[in-house]
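The values are calculated or read from the model by the stated rules, or taken from the named source; none is laboratory data. Every value quoted in this text rests on a predicted model; they were computed, and no experiment measured them. Ideal geometry is used to build each Cβ from the backbone, glycine not excepted, and the neighbour counts take in all protein chains shown. With ligands, DNA and RNA removed, areas are computed over all heavy atoms of the protein, side chains included. Shrake-Rupley method; radii C 1.70, N 1.55, O 1.52, S 1.80 Å.
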Amino acid sequence: MKRSPAILKTRRGGGLGFAAIAYIGVDYLRFISPAWHDRLQPALWTILAIAAIIRVPFYKHWSSELRSAIPFIFAMIFLLSALLFEAISVRSVTAVLGLEWNSDASPLPDVGQWLVLSLNEKLPQTVVNILRARIIGLHHFLMLFIMLAFSVLFESVEAPGLGLGARFMFTMGIGRLLRAITFISTILPSARPWCASARFLVPQHPHPWAQKYYVPYATDSNAIRNVINWDTAYADPGEYDPEFRPDWGSMSFLIDFLRPTAPEGSSAWYHLLKKASGGCNDLIYSGHMLVAVLTAMAWTEAYGGYSSALIWIFVIHSAQREIRERHHYSVDVVVAIYVGIMLWKMTGLFWPMKDQSKATRLRRLEKIQGRLMRAAKDDDIEEIRELLKEVEVSSHVRENSSSKAMWLFSATDETANFQLPQNALPQGAGVLMERVEGISETTSLSHKDRG
């Protein structure tokens, strides 16, 4: 029989997919009918909250959630640290060259932008309006993931929900660090030249580093040739206004990166980070698209179904909007998509330790099923114990041979006791296990009688 694609397979029912579609649809009513949006959105959240609260007393995996709590906390701390580094880098790449350069620098030629404008001329106006519509944004993708994690209460996805959340945050943290390292390596002009002046209050002139190592060689081709041949910053940078240096105590080293100005006074350094608001220079790759792709990957892997296909359509819609509205160049969107996919796949190599352990045991149990059946028929309890011991040892060997570098972040279940759910056993093995238990009880009773 031909198997259906994995993306079309749903864990249990379609309730989660329906809730996701309802959430997106109701929230979009804010553009179509604000009055209905104001009525339906509180009602939807109330229904979802009540449904979740009702399910809490019947949830069977609290022990698994508790074991995942520590990895979840560490993943959250890691993500927050990555976001702090990214926020500092976002302001730094704008501040180092000053507002004058950011306003005068021409945007880069972008084939994706040309394609979008060309399609506007060729596609029906209805289609163009759909492509322009702000159907889904960053906060929607984050909320969709939260809904996915909480759906463990309804057994729509496999527990623990905190484990899924820990993996999402850890993968996001890696992505954010890689992103910051990438965009601070080479500073690219914004696709929106007015952005820096509107968002940042940094000096007009470049930082002394840029004055010495960039400005003299930015436009003069002879100067560029000379600096290549001599490999020395030989030009006179000229005279510029002095840098404003507030007293930030032990954090004063950040002055050269954040470049505060006199109008901002001696505000604490972290107050300046609140004004970054996503940055202005081209920040390769797109952080919004990274969140969207990781949400889609998590949804596809944990839940599947047609709703996963719909979320990927939302990802594509968001990608073209990022380019259309010139929040990012096309390269930022393309790189974010394949980086997000690869990062999720990479963390998946070591993260689902519990699932791998269960799968390994089931495969091993299928191989020895015939021997187990014969031992059960012969009432050979010692042989049965030896065979089950082989399954346990094989499982531990597989786990020990896998990567342990990220053990702290992996939400695992204890594997000391060999226990499998009855519906997870191969065909006929459920009857076998009942017979094994019966033999064990009979053997223990006979030993008591002899005593």
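A few comments on the model shown:
- The stretch 88-166 versus the stretch 192-229: alpha-carbon centroid distance in Å: 29 Å
- At R0 = 35 Å, FRET efficiency that the Cβ-Cβ distance of ARG225 and SER185 yields, to 0.05: 0.90
- Extension gain, ILE32-SER266: 0.36 nm per intervening residue step, less the Cα-Cα distance, totals 79.7 nm.
- In this simple spin-label model, placing a label point 7 Å from the Cα along the Cα-to-Cβ direction at both ILE146 and LYS274 gives a separation of 2.1 nm.
- Residue-level accessible surface for ILE181, protein heavy atoms, 1.4 Å, Å²: 90 Å²
- Taking all protein chains together, TRP114, TRP269 sort by accessible area into TRP114, TRP269, largest first [probe 1.4 Å].
- With the simple spin-label model, which puts each label point 7 Å out from Cα in the Cβ direction, the GLU383 to LEU178 separation comes to 5.2 nm.
- In Å², nearest 10: area of SER190 left accessible to a 1.4 Å probe: 20 Å²
- Listed residues TYR329, TYR213, TYR240, TYR270 arranged by accessible area, highest first, probe 1.4 Å: TYR213, TYR270, TYR240, TYR329
- The modelled label-to-label distance between MET373 and ARG39, using points 7 Å beyond Cα along the C-beta direction, is 6.2 nm.
- FRET efficiency estimate (nearest 0.05) - Cβ-Cβ, ALA309 to PHE244, R0 41 angstrom: 0.15
- Counting only protein chain heavy atoms and rolling a 1.4 Å probe, the accessible areas of ASP332, ASP241 rank, largest first, as ASP241, ASP332.
- Note on LEU142: accessible area is roughly 70 Å² with a 1.4 Å probe, heavy atoms of protein only.
- Cβ-derived FRET efficiency at R0 60 Å, TYR59 paired with TRP194, nearest 0.05: 0.75
- The value of relative contact order for the stretch 158-252, using C-alpha pairs under 8 Å at least six residues apart, is 19 percent.
- Chain lengthening between ILE50 and TRP209 when straightened (0.36 nm per residue, less Cα-Cα): 51.5 nm
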